[in-house]
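Visitor: A single structure is presented below for examination.
Taken together, the values in this text are just the output of simple stated rules run on the coordinates, not laboratory data. Remember, it's a predicted structure, so these values are computed and weren't measured experimentally. Here the Cβ is made from the backbone with ideal geometry for all residues, glycine too, and neighbour counts use every protein chain on show.
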Number of protein chains: 4
Amino acid sequence: MDHSTDEPALLIALEAGLAATFRRRVRDRLASFGVQVSLVEGQGRNYLEVHGDVEPLRTLALDSWKGIDKALFLGAAHLHVTRTKTGKDDPAGKVAETSSAVQVGDLAIGGGSFSVIAGPCAVEEEERTLRLAAAVSASGCHLFRGGAFKPRTSPYAFQGLGDKALQILARAREESGLGIVTEILDPRDVEKVSSVADLLQVGSRNMHNYSLLKELGQTRIPILLKRGFSSTSEEFLLAAEYILSGGNPNVILCERGIRCAAATRQVVLDLGIVPELKKKTHLPVVVDPSHGSAEAYRVPALARAAVAAGADGVLVEVHDHPEEALSDGRQALSPEELKELVPVLNSLHGLLNNAETRQLNPLPGGTVASTMEEN
Amino acid sequence: MDHSTDEPALLIALEAGLAATFRRRVRDRLASFGVQVSLVEGQGRNYLEVHGDVEPLRTLALDSWKGIDKALFLGAAHLHVTRTKTGKDDPAGKVAETSSAVQVGDLAIGGGSFSVIAGPCAVEEEERTLRLAAAVSASGCHLFRGGAFKPRTSPYAFQGLGDKALQILARAREESGLGIVTEILDPRDVEKVSSVADLLQVGSRNMHNYSLLKELGQTRIPILLKRGFSSTSEEFLLAAEYILSGGNPNVILCERGIRCAAATRQVVLDLGIVPELKKKTHLPVVVDPSHGSAEAYRVPALARAAVAAGADGVLVEVHDHPEEALSDGRQALSPEELKELVPVLNSLHGLLNNAETRQLNPLPGGTVASTMEEN
Amino acid sequence: MDHSTDEPALLIALEAGLAATFRRRVRDRLASFGVQVSLVEGQGRNYLEVHGDVEPLRTLALDSWKGIDKALFLGAAHLHVTRTKTGKDDPAGKVAETSSAVQVGDLAIGGGSFSVIAGPCAVEEEERTLRLAAAVSASGCHLFRGGAFKPRTSPYAFQGLGDKALQILARAREESGLGIVTEILDPRDVEKVSSVADLLQVGSRNMHNYSLLKELGQTRIPILLKRGFSSTSEEFLLAAEYILSGGNPNVILCERGIRCAAATRQVVLDLGIVPELKKKTHLPVVVDPSHGSAEAYRVPALARAAVAAGADGVLVEVHDHPEEALSDGRQALSPEELKELVPVLNSLHGLLNNAETRQLNPLPGGTVASTMEEN
Amino acid sequence: MDHSTDEPALLIALEAGLAATFRRRVRDRLASFGVQVSLVEGQGRNYLEVHGDVEPLRTLALDSWKGIDKALFLGAAHLHVTRTKTGKDDPAGKVAETSSAVQVGDLAIGGGSFSVIAGPCAVEEEERTLRLAAAVSASGCHLFRGGAFKPRTSPYAFQGLGDKALQILARAREESGLGIVTEILDPRDVEKVSSVADLLQVGSRNMHNYSLLKELGQTRIPILLKRGFSSTSEEFLLAAEYILSGGNPNVILCERGIRCAAATRQVVLDLGIVPELKKKTHLPVVVDPSHGSAEAYRVPALARAAVAAGADGVLVEVHDHPEEALSDGRQALSPEELKELVPVLNSLHGLLNNAETRQLNPLPGGTVASTMEEN
């Protein structure tokens, strides 16, 4: 990657009173990673400024090296996922930044639009699936989701209908006209699953499955990447970077709740990550309020909150008989509830994007992007 | 409290093959708590049904008693904080429920209104405080907050101006016309602090300080009770119950973020607790997006999300020079940012409460309260 | 699996006043899963007792079904991982239970023995690796660990030497005589990696990678399964069940620390899971105090604590120049520190297993297993 | 406090290209806190070195100041709780450090000794309490614990017998000869409770109750300070600092488990904090494996692990009929189990402190304190 080398990217505080020979060892070892190192003398301390590509140094526990007291990385990492300024600041003091949309068939997710993805947790039977797809379409949603291969905590729980579900999804796409979102579990299944899916979901359990992410990086298939159960925003962005650095720019990030002892059912939807991701990355951000709430009665409130926080879309589980669902029944909305919810979400998105109250995608300092480009 | 005893409140599964003498010992010991116990015979197991007030049994680790396999509490606890139905279901299948408003001076918090409380984390100097109070008032906020006694992690951090801050707050009230919210730390200070405050805040660090809660239960002062750093919704409601059971019904609950390893700065705003509290309690619920985001740039997004999730108000930190604040500067909005934010929040609240899209305060099953009574 | 059907495995509390037709629908739907359902009438409530294999019902959110108030599973699941009684209780009231050992080459892990696995996080260069293997062997350790394929948070961090590392490990095995432990990331690499490894590690990031676990279930290769970053003990056991239910009984469980907001570096070693796993499963349990402490200076204390808690072994990271390690340098012991540590761990294990103070593997009630069989 | 001012305590990286006037404003504002500020010029960046007492700057969110990019505190805070070197390094490269013992009546806790504190969660009835105190004494324990005032999550749970319990405890002390440990909840009760108690416990719920801590700082009563439910090690030490900075040096730290989503019953005993506290503070550290395990069957394993990790003592809950306990019955050992456990703990402590295997209180780098002074 291209890095500006005018400013140092790393400052190292050496131990007080460090002998010159040790200082030289530290400098030499740093330099062996291809960076430029220069000494800065302070009063009672000396420091090393490091210029160049410091990415490989980030994982090295520098502050445990002999002779180093502390290491301070200056500025954020420059990654493919990173939001960057388009150029000069505008006169009003508001920065212009790029924001990507990911094209899923005819649909652009991100870049100012608002999308609703809905469907059952798992594809169960053909007739029910087609009925649900029709209901999802009639509610004004944009994509239909349904799991064919399900990653279940227990090997004895329903694992999805597999290949048969893919056939059902293909038919649902044909009949409803909606693009299909389904989960990919195994790097060996990419071709098969993507023959049906318009958007491939990588679930929370596989956010750290780098073999799978690398495989998906070799394709150009749109990927919906869910945050891991207890992954930080940095780990989440770096998981996306695995796909982008492989050459596939089509990644949509999905917040779906993280584990937390104090939260009900030990899961909390982290909506604060929405403005954070909007600040740090150009990738679209959607929110799954179903897994993030774990109970259907909380889904509408959290879907509304996701829109208000600036999400580019939501991913909602729907089932016509939630109590009969073979997985995640507790958190599924009924088709009627979905139909009530979608227009409210659209109204909210409209309100927040109109002229007077334009508030979405707040940038650092609370300012608002004056230019929002799609690419 | 008054409990219906028609239905059992607790079912106990006895160990398989338990001898009659042991079964009798379990029955007798249960009965010694003043409840009614009856035997139910199953196929391969026997059970005990318990009728009456089972509250004192909830904390007894019943499933560790000899002879008891498992204990299952049926129905929620009946507490002062509990939301209860007003009577018969209405014909449209929507239930009518009571929702309390808490009167703070002229202002009713909850019961359908929307309130904004704003001000600096700590009262620092008189002039700055008065200037901030004027700005808060001009932005259309309803109450002015400012800490006089600050609970700081370090004994060497600024602990608040104490009594002097109370005088400044009294003057701010006089000049701005806004009611005052300030924190109470010590049961011995209740009289002194409440002579100035219209609403007393119990901070996260003291949510479990039951001596303080009991003292406040003896008064009728409106209390803003913040959720503890890692308190569950049940613990939060029971902390409120300490105040209500003492005789003070004037409690406003405040979600302010909980600790979570994966969240940025290890704090996550739990907006899912808003619909949960709306379902479980009649008390007003406000949200503090400042502590819940820990960074100012995320505050507007989370304030909007709080409104969309159904909060009755928000509590926002403001400072005219956030970078000079003696505490919590990182998360304070500027007066200008506040002024931009308040009308957006009001628009959101308006949208969600108008005729077509009335979505706030969803009740179980996604239905909407058709009656919203203040008491 | 074989289940005793004498006792009900599930009790369902129906909603109070549920009409008979609804009750019948619930019964029929339950029965469609192949279980036996019988009605139990209480005073003010009715219940359904369910006999048979209730495993598929565990994931169905029964308490969200119409007509069901609450569901209570009685007794633990009967899984391949489950610890089971060998037969009749002995006269002294102490139960005899089976405890598995997993054979790794000549070494039996579990079943009363104590094993130390040590080595660098990643295989870096041949000479260093061979030197470390010699040091590990000289310290009295039993297996040599070293990563060939490394799952790194950043795609730009050192990813391991891959195939070249496998060759180096093969040579380390030859020279040191120690069995080799290395990580498997991809189901397509099982044959290649297991041609060198005596024990295949599944890392925390892949504990939920069920495609990989199923692949490993088809082999008989010994597997070291690490607990996920925020996985519960139940999820951990069910991940092992994926391997066992595929036909591979050779699984060793490894606690390595879980994420926790309050813990230093947000990771805490959960030693309480050791007695829990010893109670619930017959599989061997080892502990990784290196990842579980995240800092080398805490490793000896936590390694000792792991032995005292009843672990069958520890997994320790060692590096001759920790400050130069390409990964996880912060937490690696030096060869000298390892040499000091191993005899202390052996002494502790010896003390806790001798006649007077036999305390390891405590069973429920604090009693001690009187029979410890290897299989 | 006394700080060496030879070395800078804080380094500030200014924003790249910061104008001189802004740089001066930052310098002036820093200097207004009484510290010395000097400029260090780098290549592409400038820095400010800060000498002097930087404690008040730690809470100021320096990196949100205009003109400051990042702030790096060098070296640990110098507090009353901080472990400090006694003087010159010894020739073998092992540092000598001070380690405090806290005198509780005739008993010295810390400083090389090992203490067991045991008793029921709450004082329930006189006869039972006296019987338990006798059993605790007969098992070789050193102090008797029992709650008189209980902080319970529910206001309807048993709140302790209060003043009557204090009388019972006074009698238990007289009869058993054991010192008494009991909890203090309210700053107004200090005199009353300490008239009976030899060691006052501040529970987890009150670790952040600074009014109480300040009150206790005004006394010389030995304090057992428990870690908060989700408090970091830094917050824990600063809570102790509240007491020490008030003038009371007699503080014993107690790890008792922290909240964690993945842990069983959402609590995990953080034994990694034991070596961390031993490195950072001279105060004695004890461990409560009862609250830290939440289930009695795990208590012996975790008590042993605590000793092995280097704790100066353990705090164990005991009840003669745990299933009848009015609080925390699930986690209480029986007197028989306690009697079995104590000699094992003593053996472990002996093993780890004898000449060959001296491993306790490891210092940074894995070395062992060669001098352990009591004060």
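Visitor: What are the residues whose amide H is under 5 Å from the amide H of B:V251, where those residues sit 5 or more places off or on another chain and H is modelled from the backbone?
Guide: Residues meeting the criterion, in which the H sits 1.01 Å from N, are B:I223.
Visitor: While we're on this one: Please turn the phi angles of segment B:191-203 into ³J(HN,Hα) values with the Karplus equation 6.51 cos²θ - 1.76 cosθ + 1.60 (θ = phi - 60°), one per residue in order, whole Hz, x for glycine and proline.
Guide: Working through the residues one at a time gives 5, 4, 5, 6, 5, 10, 7, 8, 9, 9, 8, 9, x Hz.
Visitor: Here's something else I'd like to know. For the pairs D:K164/D:K192; A:K70/C:K150; A:K164/C:K66; A:K339/B:K280; A:K164/A:K226, flag any whose C-alpha to C-alpha distance is greater than 18 Å. The partial results should precede the final answer.
Guide: On the way: D:K164/D:K192 12 Å; A:K70/C:K150 26 Å; A:K164/C:K66 29 Å; A:K339/B:K280 26 Å; A:K164/A:K226 25 Å.
With Cα atoms farther than 18 Å apart: A:K70/C:K150; A:K164/C:K66; A:K339/B:K280; A:K164/A:K226.
Visitor: Moving on. Nearest 20 debye, what's the magnitude of the dipole of the protein assembly as shown about its Cα centre given +1 on Lys and Arg Cβ and -1 on Asp and Glu Cβ?
Guide: Details: 156 positive and 192 negative charges, 1 e Å.
Dipole size: approximately 0 debye.
Visitor: Further, regarding this structure: Which of rounded, prolate, oblate describes the protein assembly as shown, given a ≥ b ≥ c as roots of the alpha-carbon gyration tensor eigenvalues and a/c under 1.5 marking rounded, otherwise prolate only if a/b is larger than b/c? Walk me through the numbers on the way to the answer.
Guide: Numbers: a/c = 1.08, a/b = 1.01, b/c = 1.07.
Cα axes put the protein assembly as shown in the rounded bin.
Visitor: Placing the label point 7 Å from Cα along the Cα-to-Cβ direction, what are the distances from A:N354 to the equivalent spots in the other copies, shortest first, in nm to one decimal?
Guide: Its label point is 0.7, 8.3, 8.3 nm from the equivalent points in the other copies.
Visitor: Here is a further query. What does the highest-first list of B:291-300, B:322-331, D:55-64 look like by mean Cβ count within 10 Å? Write down the numbers at each step before the final one.
Guide: Values: B:291-300: 25.3, B:322-331: 22.3, D:55-64: 19.4.
Ranked from most to least packed, the peptides come out as B:291-300, B:322-331, D:55-64.
Visitor: At A:E175, with labels set 7 Å past Cα in the Cβ direction, how many nm apart are the copies from this one, shortest first?
Guide: 6.6, 7.0, 7.8
Visitor: How many angstrom lie between the Cα centre of segment D:159-217 and the Cα centre of segment D:105-137?
Guide: Spelled out, the Cα-based centre of one part sits 14 Å from the other.
Visitor: Calculate I(q)/I(0) for chain C by the Debye formula, one identical point scatterer on each C-alpha and no solvent, and give its log10 at q = 0.08, 0.09, 0.10 Å⁻¹ to two decimals.
Guide: -0.47, -0.58, -0.69
Visitor: Evaluate E = 1/(1 + (r/R0)^6) for A:L39 and D:N354, where r is the Cβ-Cβ distance and R0 equals 56 Å; express this FRET efficiency to the nearest 0.05. Spell out each step's value before the answer.
Guide: Working: r = 49 Å, r/R0 = 0.87.
With a Förster radius of 56 Å, E is 0.70.
Visitor: Ignoring everything except DSSP H segments at least 4 long, calculate the 222 nm mean residue ellipticity for the protein assembly as shown; use -39,500 (n - 2.57) per segment, divide by total residues, nearest 500. Please list the in-between numbers first.
Guide: Working: 36 runs with 414 residues, N = 1500.
Dividing the helical sum by the residues of the protein assembly as shown leaves -8500 deg cm²/dmol.
Visitor: Residue-wise, which Karplus ³J(HN,Hα) couplings in Hz belong to segment B:240-256, taking 6.51 cos²θ - 1.76 cosθ + 1.60, θ = phi - 60°, and x for glycine or proline?
Guide: Listing the rounded values in order: 4, 4, 4, 6, 5, 5, x, x, 9, x, 8, 10, 10, 8, 10, 6, 9 Hz.
Visitor: Name the nearest-to-axis residue of chain C, judged by Cβ distance to the rotation axis taking chain C onto chain A, and quote that distance in whole Å.
Guide: Nearest Cβ to the rotation axis, residue and whole-Å distance: C:S230, 2.
Visitor: I would also like to ask the following. Can you work out the base-10 log of I(q)/I(0) for segment D:10-73 at q = 0.28 1/Å, using the Debye formula on its C-alpha atoms alone?
Guide: -1.44
Visitor: May I pose another question? Which residue fluctuates most in the GNM of chain D (Cα springs below 10 Å): D:I12, D:I258, D:I109?
Guide: Sorting by GNM fluctuation, first place goes to D:I12.
Visitor: Then there's this: Along Cα-to-Cβ, 7 Å out, sits the label point; list in nm, shortest first, how far the one on A:D106 is from those in the other copies.
Guide: 5.6, 7.1, 9.0
Visitor: Let me ask you something else. Name the residue from B:F22, B:Q43, B:I12 whose Cα lies farthest towards the positive end of the charge dipole of segment B:1-52, charges +1 on Cβ of Lys and Arg and -1 on Cβ of Asp and Glu.
Guide: B:F22
Visitor: On to the next question. Please report the spacing between the Cα centers of segment B:283-303 and segment C:19-77 in Å, no decimals.
Guide: Centre-to-centre (Cα) distance: 42 Å.
Visitor: In terms of modelled amide H atoms, which long-range or inter-chain residues lie less than 5 Å from the amide H of D:G272?
Guide: C:L269
Visitor: In nm, to one decimal, how far is the modelled label at A:R265 from the one at C:S195, with both set 7 Å along Cα→Cβ?
Guide: Rounded to a tenth, the inter-label distance reads 4.7 nm.
Visitor: Which whole number gives the average count of other chain Cβ atoms within 10 Å of the Cβ atoms across peptide D:154-166?
Guide: Values: counts 14, 16, 12, 7, 3, 2, 0, 0, 0, 0, 0, 0, 0.
Mean number of neighbouring Cβ atoms from other chains: 4.
Visitor: Check chain A for me: any Cys whose beta-carbon has no other cysteine beta-carbon within less than 4.7 Å?
Guide: A:C121, A:C141, A:C254
Visitor: Could you calculate the contour length gain from A:D106 to A:D63, that is, 0.36 nm times the residue separation minus the distance between their Cα atoms, to one decimal place in nm?
Guide: Numbers: separation 43, 0.36 × 43 = 15.48 nm, distance 4.99 nm.
Extra length from A:D106 to A:D63 when fully extended: 10.5 nm.
Visitor: Got a sec? Charge dipole of segment B:97-373, +1 on Cβ for Lys and Arg, -1 for Asp and Glu; which of B:I184, B:L271, B:I117 is way out at the positive end?
Guide: It is B:L271, whose Cα lies furthest towards the positive end.
Visitor: Counting only C-alpha contacts under 8 Å and six or more residues apart, can you give the relative contact order of segment C:161-277 as a whole percent? Before the final figure, lay out each step's value.
Guide: Details: 183 pairs, mean separation 21.5, N = 117.
Normalised by residue count, the contact order of segment C:161-277 is 18 percent.
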